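Presented below is the structure to which this report refers.
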Amino acid sequence: RACVRVFPHVGRTLPMAVKLGMVIVTTAYLLANVAYMSLLSPSQIITSKAVAQAAVTVSLGKVFGNIIIPLFVALSCMGASTGSIFMIGRQVFAAAREGHFPRFLSLLHPKRNTPIPALIFPCVIAVTLLFLPTSSIESLIQLSQFTMWIFYGACFAGIFVLRIREPELPRPYRTWLIVPGILTLLSLYLLVTPFIQRPVASTVVIAVVLTSIPVYFLVIHKSCFAEKKLNSLSDLFVNGAHHLCCGVS
């Protein structure tokens with residue numbers, strides 16, 4: 001929902017993009033794994049720290065394996081980061097438009113029509129986490145993935161709730177209920193497994209997520225007092241963000 005505003009004819013283009021994307025990515029992964037198993041022995045695959053690099057080194061030589069593959073990995077990471085920035089920024093923007101974040105995060109650039117404050121906000125949080133004394137890339141990835149699947153699972157399960165509570169709600173794109181059912185079970189698996197492996201860290205993540213509930217009811221929940229408080233805090237930033245980003249609300 002956060003990104004559908006930028007799609008033309010979302011009822012047609014979004015399902016098509018999802019289906020084509022799944023087919024292309026799945027095919028690419030299957031072909032890559034076939035190539036790995038054709039070029040490397042099982043023992044080489046098990047002992048290798050970078051299977052793709054080892055396979056290319058065997059087939060094309062060390063120059064390609066040591067230079068080209070790391071370059072492709074870097075480009076792939078850049079592409080994934082671009083997609084994450086696009087999606088998270090639009091999520092923050094949509095939440096601000098609906099009153100769940102301060103109003104200045106819903107500003108748009110007048111010419112480019114991009115939500116610049118909403119794009120900067122998650123980047124600032126990500127950079128701040130990198131400077132924490134106990135942070136490492138591995139721990140941040142593990143904890144962020146665990147947190148992500150909490151909300152993904154809630155979104156998948158929410159489809160069943162909406163189908164029951166609001167069956168007549170207009171839906172420009174639909175799916176068979178078996179799809180969110182499978183994804184809900186997959187989300188539970190991806191939550192239970194890390195919790196068993198890292199119970200302390202997972203408990204801390206869940207506790208941090210739960211702290212958002214009282215914040216929501218005290219600051220965001222629909223009431224005259226909460227709305228006035230939120231707008232008064234937001235207005236402190238609106239003028240500065242407006243001049244910084246040349247945005248319009």
Exercise. In square nanometres, what is one fourth of the surface area of the convex hull spanned by the alpha carbons of the stretch 1-114?
Worked result: 10.5
Seminar exercise, completed: Rounded to a whole %, the carbon-and-sulfur portion of the accessible area of the stretch 80-152 at a 1.4 Å probe is 71
Exercise. Which length gain, in nm to one decimal place, applies between Gln44 and Thr203 when the Cα-Cα distance is subtracted from 0.36 nm times their residue separation?
Worked result: 53.6 nm
For this session: Calculate the dipole size of the stretch 92-189 relative to its Cα centre from +1 charges on Lys and Arg beta carbons and -1 charges on Asp and Glu beta carbons; express the result in debye to the nearest 20.
Result: 380
For this session: Any chance you could check the Cα centroid distance between the stretch 164-214 and the stretch 50-117 for me, in angstrom?
Result: 23
For this session: For the stretch 87-191, just run the numbers: alpha carbon Rg, then divide by 2.2 N^0.38 Å, N being how many residues it has.
Result: 1.34
Exercise. Which value, in Å², gives the accessible area per residue of the stretch 128-209 when a 1.4 Å probe is used on the protein heavy atoms?
Worked result: 74
Exercise. Relative contact order for the stretch 62-129: what is it in percent, counting Cα pairs under 8 Å that are at least 6 residues apart?
Worked result: 25
For this session: Could you work out the per residue convex hull volume over the alpha carbons of the stretch 79-124, in cubic angstrom?
Result: 64
For this session: Go ahead and run the numbers for FRET between Cys77 and Leu218, Cβ-Cβ distance against an R0 of 45 Å, rounding to 0.05.
Result: 0.70
Seminar exercise, completed: Placing +1 on each Lys and Arg Cβ and -1 on each Asp and Glu Cβ in the stretch 1-154, then taking the dipole about the Cα centre, the residue among Tyr152, Ile67, Ser38 whose Cα reaches farthest towards the positive end is Tyr152
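The values are calculated or read from the model by the stated rules, or taken from the named source; none is laboratory data. Treat the numbers as computed from the prediction; the structure is a model and nothing was measured. Here Cβ is always computed from backbone atoms with ideal geometry, including for glycine, and neighbour counts include all displayed protein chains. Areas reflect the complete protein model, heavy atoms only, side chains present, ligands, DNA and RNA absent. Shrake-Rupley method; radii C 1.70, N 1.55, O 1.52, S 1.80 Å.
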